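S.K.: Dumping the structure here so I can ask a few things about it.
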Amino acid sequence: MEIANIHEAKSQLSKLVERAMNGEEVIIAKAGQPMVRLVPIRADESPRVGGQWKGRVHIADDFDALPEDIAAAFGIEPQ
């Protein structure tokens, strides 16, 4: 595991990215406290597409609607 402070990360970013791409855990710290982890984006991590369960899930007619405060917290308009 590589732990680099922010100053070191700025000057050696290419090296740290290379190490992360090779599977090594790379942590960037500030004042000795770990702040972020560099991880590679994998080709198999494609963005999720909505609607894949459309037509496969049935919600019963007697299913309770969300309380208004919870719906509002998720940005759902009341029905």
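S.K.: So which strands (runs of 3 or more DSSP E) stay within the range 2-79 end to end and still have 3 or more residues that are out of contact with any helix residue (DSSP H, G or I) (no Cβ under 8 Å at 6 or more places or on another chain)?
M.R.: 33-38
S.K.: State whether one or more residues within the range 11-18 are surrounded by 10 or more Cβ atoms within 10 Å (Cβ to Cβ) and under 19 Å from the mean Cα position of the chain (by Cα).
M.R.: Yes, the conditions are met somewhere in the range 11-18.
S.K.: Taking only pairs six or more apart or across chains, which ones have beta-carbon atoms under 9 Å, a first residue in the range 17-46 that is more than 15 Å from Asn5 (Cα to Cα), and a second residue that is in a loop (DSSP other than H, G, I, E, B) and β-branched (Val, Ile, Thr)?
M.R.: Ala20/Val39
S.K.: Just name the residue that is modelled with the highest pLDDT out of those in the range 32-79 that are of a type in the set (Val, Ile, Thr) and loosely packed, with under 10 Cβ neighbours inside 10 Å.
M.R.: So in the range 32-79, the residues of a type in the set (Val, Ile, Thr) come out as 36, 39, 41, 49, 57, 59, 70, 76.
Now narrow it down to the ones that are loosely packed, with under 10 Cβ neighbours inside 10 Å: 41, 49, 57, 59.
Values: Ile41: 83, Val49: 83, Val57: 88, Ile59: 84.
The selected residue is Val57.
The values are calculated or read from the model by the stated rules, or taken from the named source; none is laboratory data. Computed from a prediction, not measured in an experiment: that's the story for all the values here. FYI the Cβ positions are ideal-geometry reconstructions off the backbone, even for glycines, and counts take in every protein chain you see.
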